[in-house]
1. Identify, please: which residue in the range 283-307 is over 30 Å from the mean Cα position of the chain (by Cα) and in a loop (DSSP other than H, G, I, E, B) and is, among those, surrounded by the fewest Cβ atoms within 10 Å (Cβ to Cβ)?
2. Within 28 Å of Arg43 (Cβ to Cβ), modelled with pLDDT of 95 or more and buried (at least 23 other Cβ atoms within 10 Å of the Cβ): is that true of Gly219 in this structure?
3. Let me confirm something: among Ala288, Ala300, Ala325, which residue is more than 19 Å from Asn270 (Cβ to Cβ) and of a type outside the set (S, T, N, Q)?
4. Among the listed residues Arg324, Arg238, Arg301, which satisfies the condition of being closer than 30 Å to Gly352 by Cβ and either outside the structural domain of Val350 (by TED's automatic domain parsing) or of a type in the set (Lys, Arg) (or both)?
5. Could you list, in sequence order, all residues of the range 9-23 that are part of a strand (DSSP E or B) and crowded, with 18+ Cβ neighbours inside 10 Å?
6. Name the pairs whose Cβ atoms lie under 8 Å apart, with the first residue in the range 306-320 and free of Cβ contacts under 8 Å to residues at least 40 places away in the same chain and outside the structural domain of Thr97 (by TED's automatic domain parsing), the second basic (Lys, Arg) and crowded, with 24+ Cβ neighbours inside 10 Å, and 6 or more positions between them or separate chains?
7. Looking at Ser401, Ser462 in this structure, which one is outside the structural domain of Ala323 (by TED's automatic domain parsing), buried (at least 23 other Cβ atoms within 10 Å of the Cβ) and at pLDDT 95 or above?
8. Against the definition (farther than 24 Å from Val318 by Cβ and either exposed (fewer than 15 other Cβ atoms within 10 Å of the Cβ) or out of contact with any Asp or Glu (no Cβ under 6 Å at 6 or more places or on another chain) (or both)), how does Asp365 come out, yes or no?
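The values are calculated or read from the model by the stated rules, or taken from the named source; none is laboratory data. Values in this document were obtained by computation on a predicted structure and should not be read as measured data. Here Cβ is always computed from backbone atoms with ideal geometry, including for glycine, and neighbour counts include all displayed protein chains.
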Amino acid sequence: MSTTFPEVQNYVSGAMVSNGQPRLAVTSPLDGSQISSVVLSSRKDLDVAVAAAEKAFESWSSTPIKERVQVFFRYKTLMEQNIDELTRLVHIENGKTMSEARAEVEKSIELTEFACSMPQLVSGELLEVSKGVECRVEKKPLGVVASIAPFNFPHMVPHWTAPNALVLGNCMIMKPSEIVPLSSIRMAEMLKEAGLPDGVFNVVNGDKEIVEAICDHPGIKAVSFVGSTTVAKIVYIRASSNLKRCVALGGAKNHLIVLPDAHVEMTATNVVASMSGCAGQRCMAAAAMVGVGKVDHIVARMVEVAKTLIPGDNLGAVISEAARARIEGYINEAEAAGAKVLVDGRGAKVPGQENGYYVGPTIIDYVTPDMRIAKEEVFGPVISIIRAKDLDEGIAIENSSNYGNAAAVFTQSGGMAREVMERASAGMIGVNIGVPVPREPFSFGGWNESKFGVTDITGKSSIEFWTQLKKTTTKWNPEAKTNWMS
């Protein structure tokens, strides 16, 4: 690939900051070529960024929210005007198809649009609680906060947090995945163009050392994290032990329960799209299909649909060679344990991009609940079919997962759908929908080991995470009759 980008620096106080730290090569999953390099920052680099954010906080937090939000109206317009550029950037650094990359940026625009509605959502409360005595409640920003983003949505996940947190008056340190740092830097540049004051939004690049430093830093009041469950647990424990607020989203093993009466075409297309969209590298992907009873006719159609997915065409790349090897290892192990591979995506190659990282669509039948592939997050375009004799067994299989991000049921029976809606142990439920992501203003967040923390990361729920309450009681008229409340 001939496309290359400038070396990625940190972005602090409205400018790129170069330092002498080690650098990591940034490669495109499309063909394995190096497209840039990124700095691996130190704790001292984080100190500089936090100091800049602390300096900006006093002015930014005292700016009326109706004025703060004007920056994001302009920013939303800039994203719309530059959507082709932003789409191509996601495509190159992450490996998504162009249509998936565009959808990601469109979601970022929607998230920013929701942030623009904040003045109507945080207007506060006022009540005369006794004669001449008023109580007032206001939502105030926390200070300097941090957001740690993953590789799989380099543009959207930073927009899960930054627009809401900043509109609410906080200043932010964004730590993107070191594998995909380009979109966050472009985000910072466009926010500055939209009029965001210097120091309000800063980008600090790096690896594990910076994640640990963010969790430890006394100047950071809250941390959001999106990534694997293993790391989410570590981040949550470390950040909260340092007396910070933390919401940490982890992995998933989403079960789609398919009943014999399900609409064949709708079910087959939805299930395959759910398992293969973004090359399966999303925490809402269908990872396991629980086939209840006689569903062979639906499985047969799924096989036909899956075979229309062509790596490098309408199926994107996975993030790295290590990811490809890990995914194919799960398939090998399941096959050796007795599962039947109906569609085999191992060894996928794209003409002209032979060094790219691709796994073809893969459907594996007769997986048993005790197999590793049935329990662990594969994070690739692979779905395991687990057979169940009835709905009770199917729900029990779903409930047995340590995760709890999403679950769905495919059926034409309202009663059966209601059973799954009530009994599935997951934070987001779909009925005849393979990817049940709530749209704004509804929030995103799972249960169990898919999320650690007490609020969701987006939507109205996020307001509570990024703010603290200030309660004021006032009395001006000494002649008013008093009682125990005044």
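1. Lys294
2. Details: within 28 Å of Arg43 (Cβ to Cβ): yes; modelled with pLDDT of 95 or more: yes; buried (at least 23 other Cβ atoms within 10 Å of the Cβ): no.
When the stated conditions are applied, Gly219 does not pass them.
3. The conditions single out Ala325.
4. Only one candidate qualifies: Arg324.
5. First, pick out the residues of the range 9-23 that are part of a strand (DSSP E or B): 10-12, 15-17, 23.
Within the range 9-23, Asn10, Tyr11, Val12, Val17 meet the criteria.
6. Correct list of pairs: empty, since none qualify.
7. Ser462
8. no
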